[in-house]
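Here's the structure we're looking at; comments come further down.
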Amino acid sequence: MTGSSPYWNPKTETLSRESLEALQLAKLRRQVAWAAERSPWYRRVLGFSGLDRSSLDSLSDLRELPLLTREQWMSSQFEHPPYGEIPTIGGDGAIRVHTTSGTTGKGPLRALDSRKDWAWIAEMWAYGIWGCGVRPGDTAYIAFGYGSFIGFWGLHYSMEKIGVLNVPGGAQTTETRVRQILDFDCTVVASTPTYALRLAQEAESLGLDLPGSSVSRLILSGEPAGSIPQTKALIEEQWGAKAFDTAGMTEIGTIMVFECEHQPGGTHIIEDHVYEEVIDPVSLEPLGYGESGERVVTSFGRGAIPLLRYRTGDLVSRVPASTCSCGRGFDIYEGGILGRVDDMKIIRGTNVYPRAIEAIVREFSEVDEFQTVITREGVRDEITLRVELKPDWDLERWDGLAESLHNQLALAHEGLNFRIERASEGELPRFELKAKRTVDKRDAPIGALPA
Amino acid sequence: MTADLLGNPLSASEERLLAVYSELKALCAEDLPPVAAANVRAALALMHNVVNGLALDYEHLSDLGV
C-alpha cells in the first residue's frame, strides 16, 4: 500500500460527505472546548456567544461564533505583546515562532508552534505533495529563503518525512539555484509561481536546458497564479514539467488546499483537518457551491493557536469533490485561490482584478515581466500596463504587440482603455516570494504622484 | 478505546498504533533523562499525526510539553 496508494491518508481522503462532516463535528467540539478552556481570547468570545461543545449539534451551529479578523488578532498582539491573547501557550511552551511578512506597515503576526503543532504542519503538506505524485526516491529543490516567514518550511519537513532527498535552496542567487537544480538532478522543485518563471528565465539566459532536465513536478504556493491556467501553462511549458498548485497561510501554519495529480482545475480542501466556509464578504451570509466569496477557516490543527472562524480575505468558489475524478471526498476550490477580496480595483466604474490581467498577459510569450500602475490624473483614473519584453525580442514588432494587449485587455474589461508602455530590460521588479505587480498610486501623497 | 471518532471499530493495527501512542503519552509523565525525554516527545508529536490522521483520537498535547 505504501507506495501505490494515490492518497496520503486513504481512510479520510475517501470518506463520504456525511462521514467527513461527522468527523469535522467531532473535532470541532473538542477544539471549541480546548479554546474555551485555554485561550483567553476565546474564553471571552465563546462565553459571550454562549457556544460550547454541548451546544454544537451541527457544523452550521458554529455560525453563532463571531468571525475573527486579522485586525483583531493584530490588536490583541499589540495590547498583550508579544503574542496576544489567542495563543493557549506562551513562548516557553513552543518550539518555533514564525511571522507574516508585515508589509502592511502594521507589523507582523507572530505565530507560535508546539512540537505537536509543528509536526502537524509538515503533515498537511504531505497530503499535498503525496497527492501530486511525489514519492520516496525523488530529489526536491526548495527555492525558498528559509527565514522567519513560514513559506515552504513545512514542505521541507514533509519531504523529509516522505523520504525525499531535499536540496535546501536558501541564501542562493537565482543562477546558483538553477545550476543546483540541474547538478543535483532534481525531480521536484518548490517555489512561488512567479519565481518558477524567474528560474526559467535565468536558465534560458544561461543557455541551460530546463525542459530537458529531470524535473517532472513543480509545487507552487504563495500566489493565486498557480491556478491561473495561462500562467500555469507557461510554467509547464518552460519547465517541461507538471505544475501543482497549493495554498496556505501563516495563520494556519501550513497549506489547507492542494491540487491532486488529476489536475481538476482547482485545489482540494484538506477537510479532515480544516472546516471551511465561503461567505458573502458584505452580508456575511453563507454561499453555496459555485458562488464566489470569502474563505473563512476553522483549523483543527494547531493547539497553540486554535483558529476558529478566521476571515482569510481569500476569494474562492467551492465546488463538490465529484468535480474531480481522483476519488477524494474533499471538495474543491475551483481555480484555487481566485485572489484577495480586497484586491479588486475600480477604474472609472469598471472592476479590474489582477488575476484577469495576468491571465491575458501570460498569453503573450514575448512578455518577460509586467506591472500594472493605477494613477489619478485630475479627476480621472488611468491604468497603465508596463511590459518588459524578453531580451532578444524584435522591437520592431512592439506596436503590434502593444495593440494586441490593449485590445484584449479592453475586451475583457468593458472597453476600458489600458495604456501600454514598454519598460526597459531589467527595469521591472522580480520577486522570489509573493509578487506585487499592481501599484495603485491613487492614495499616494500628492507630492508622490507622477508629473 | 474500541472505536474511532466516527464510531467504527478499530482494526488490529489501529489498536496497536493507539497503544503505542498511549505508551508514549505515559512516558512523557515519567522522570526521564534528557536523551529519552526529548526524543519521546518528538516521537509522540509524530505519533499524534497517526492517531489524528486515522481519526482514532484528537486532542492537544501541550500539557505534556508536546
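Here are the numbers for the structure shown:
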{"quantity": "Order by protection proxy (mean Cβ within 10 Å, highest first), peptides A:74-87, A:398-411", "calculated": "A:74-87, A:398-411"}
{"quantity": "Shielding by other protein chains, B:7-13, mean Cβ within 10 Å", "calculated": "1"}
{"quantity": "Cα gyration tensor shape for region A:1-104, rounded if a/c is under 1.5, else prolate or oblate", "calculated": "oblate"}
{"quantity": "Nearest-20 debye value, region B:1-41 charge dipole, Cβ charges on Lys, Arg, Asp, Glu", "calculated": "100 debye"}
{"quantity": "Exercise: per-residue mean of other protein chain Cβ atoms within 10 Å, A:88-96", "calculated": "2"}
{"quantity": "Shielding score for A:168-177, defined as the mean number of other chain Cβ atoms within 10 Å", "calculated": "0"}
{"quantity": "Part-to-part distance (alpha-carbon centres) for region A:304-351 and region A:353-373, which is given in Å", "calculated": "21 Å"}
{"quantity": "Over chain A: helical MRE at 222 nm, DSSP H runs n ≥ 4 each giving -39500 (n - 2.57), nearest 500", "calculated": "-9000 deg cm²/dmol"}
{"quantity": "Karplus-derived 3J(HN,Hα), 6.51/-1.76/1.60, for each residue of region A:41-54, Hz, glycine and proline x", "calculated": "4, 6, 4, 6, 5, 5, x, 5, 7, x, 8, 9, 4, 6"}
{"quantity": "Anchor A:Lys441: aspartates and glutamates whose Cα lies under 12 Å away (excluding residues fewer than 8 positions away in-chain)", "calculated": "A:Glu377, A:Asp381, A:Glu382"}
{"quantity": "Most to least packed among A:15-23, A:271-279, A:52-60 [average Cβ atoms within 10 Å]", "calculated": "A:271-279, A:15-23, A:52-60"}
{"quantity": "By average C-beta atoms within 10 angstrom, highest first, the peptides A:220-227, A:368-375", "calculated": "A:220-227, A:368-375"}
{"quantity": "Entries of A:Lys390/A:Lys434; A:Lys242/A:Lys390; A:Lys11/A:Lys434; A:Lys161/A:Lys390; A:Lys27/A:Lys345 with Cα pairs more than 29 Å apart", "calculated": "A:Lys11/A:Lys434; A:Lys161/A:Lys390; A:Lys27/A:Lys345"}
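Coordinate-derived values only; no laboratory data. These figures come from a predicted structure and were not determined experimentally. Here the Cβ is made from the backbone with ideal geometry for all residues, glycine too, and neighbour counts use every protein chain on show.
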